[in-house]
Amino acid sequence: MTGPTVDGGDRVTEMVHGRAELAAARDGLKGTVGVVMTMGALHSGHEALLRAARERADHVIVTIFVNPLQFGPNEDFDRYPRTLDADLEICRRAGADLVFAPSVADMYPDGQPRVRVDPGLLGEDLEGQSRPGFFHGVLTVVLKLLQLTRPDLTFFGEKDYQQLTLVRRMARDLDVPVEVVGVPTVREPDGLALSSRNRYLSPAERAAALSLSAALRGGAAAADGGADAGAVLAAAHAAFGTGTPGVRLDYLVLTDPDLEPGPVSGPARLLVAAWVGATRLIDNAAIRLAPRS
């Protein structure tokens, strides 16, 4: 079923819901195609992804699908915001050519898939440890959407850094013919990373959530001062603090840019996850450690 078209000035954004309509619309896109995959509730961070895609590709497809496979039994699938009209306006403003907004039945016509992508050991660590099965669901839907949209490039935000890393690894390991492009995290002026889940935060929780970006700044400052990995991590923990009401740290780790285990030196990544009230937030930052002597 084809949805409305929205005039974006010299570019028209078309919305489709079904596979056949997507295939027909995709066949009409000539030149380089980029895809931005989202779960809707779009914000300025998604607009940055769309701008990056617009700069690299002749045509941009946006997918909007709240994927049930990546929500655990006690997570917020039903609560997750659905704002399709506002999302479509953002897509129009950013110059998207095509929006694919399927239903669950469109994406999984035979019910939940019996065959899923196994993310391997990396998918069981960090987010995967806190959310068992999460990356099985993420990579399965990403692979399906890549097959359906057939892009040359796909764009993912660095805020979900483990997801970005796993999508890149999947594309390499499974010979998926797509370039996976990472786009830097977009932040509020006070440092909070933009997230669709920020809207769940009360004013007091919104202030408490700054503990995450404070930890990253503390670790980065220590690294800039020549601290080793242990001291950088200690500085990050100190900056996160332990007495902020309503904030509970899940993990705070320092790893190499590919999230591989082992000692870290040179380029590195500092990753943090924490519960702020009932909302779980993640963030990360690139840092550079002094080479080990």
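The values are calculated or read from the model by the stated rules, or taken from the named source; none is laboratory data. Please read these numbers as outputs of a predicted model, since none were measured by experiment. All Cβ positions, glycine included, derive from the backbone under ideal geometry; neighbour counts span all protein chains shown. Remember, those area values only see protein heavy atoms, side chains included, never the ligands or the DNA or RNA. Shrake-Rupley method; radii C 1.70, N 1.55, O 1.52, S 1.80 Å.
Just to be sure, is residue 152 at pLDDT 95 or above, touching a strand residue (DSSP E or B) at 6+ places or on another chain (Cβ under 9 Å), among the charged types (D, E, K, R) and surrounded by fewer than 18 Cβ atoms within 10 Å (Cβ to Cβ)?
So residue 152 fits the description; yes.
Only one of 180, 186, 167 is closer than 12 Å to residue 46 by Cα and β-branched (Val, Ile, Thr); which?
Details: 180 fails: closer than 12 Å to residue 46 by Cα; 167 fails: closer than 12 Å to residue 46 by Cα.
Only one candidate passes the filter, namely 186.
Here is a list of conditions, (1) part of a loop (DSSP other than H, G, I, E, B); (2) farther than 27 Å from residue 285 by Cβ, and residue 132 meets all of them except one; can you say which number that is?
(2)
It is to be established whether one or more residues within the range 128-137 are among the hydroxyl-bearing types (Ser, Thr, Tyr) and surrounded by fewer than 18 Cβ atoms within 10 Å (Cβ to Cβ).
Let us first name the residues in the range 128-137 that are among the hydroxyl-bearing types (Ser, Thr, Tyr), namely 130.
Narrowing the set further to residues that are surrounded by fewer than 18 Cβ atoms within 10 Å (Cβ to Cβ) leaves 130.
For the range 128-137, residues among the hydroxyl-bearing types (Ser, Thr, Tyr) and surrounded by fewer than 18 Cβ atoms within 10 Å (Cβ to Cβ): present.
Out of the residues in the range 74-118 that are touching a residue at least 60 places away in the same chain (Cβ under 8 Å) and part of a helix (DSSP H, G or I), which is most open to solvent (accessible area, probe 1.4 Å)?
93
Can you pull out the strands (runs of 3 or more DSSP E) entirely within the range 178-293 that have at least 2 residues that are open to solvent by 50 Å² or more (accessible area, probe 1.4 Å)?
247-255, 266-276, 279-289
Pick from 55, 14: which is open to solvent by 70 Å² or more (accessible area, probe 1.4 Å) and within 19 Å of residue 151 (Cβ to Cβ)?
Unique residue meeting the criteria: 55.
The rows are residues; the columns are (1) more than 30 Å from residue 27 (Cα to Cα); (2) in contact with a helix residue (DSSP H, G or I) (Cβ under 8 Å, 6 or more places away or on another chain); (3) not hydrophobic (A, V, I, L, M, F, W, C).
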{"position": "142", "(1), (2), (3)": "no, yes, no"}
{"position": "145", "(1), (2), (3)": "no, no, no"}
{"position": "170", "(1), (2), (3)": "no, yes, no"}
{"position": "177", "(1), (2), (3)": "no, no, yes"}
{"position": "180", "(1), (2), (3)": "no, yes, no"}
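Answer yes if at least one residue in the range 41-48 is modelled with pLDDT under 95 and open to solvent by less than 10 Å² (accessible area, probe 1.4 Å), and no otherwise.
yes
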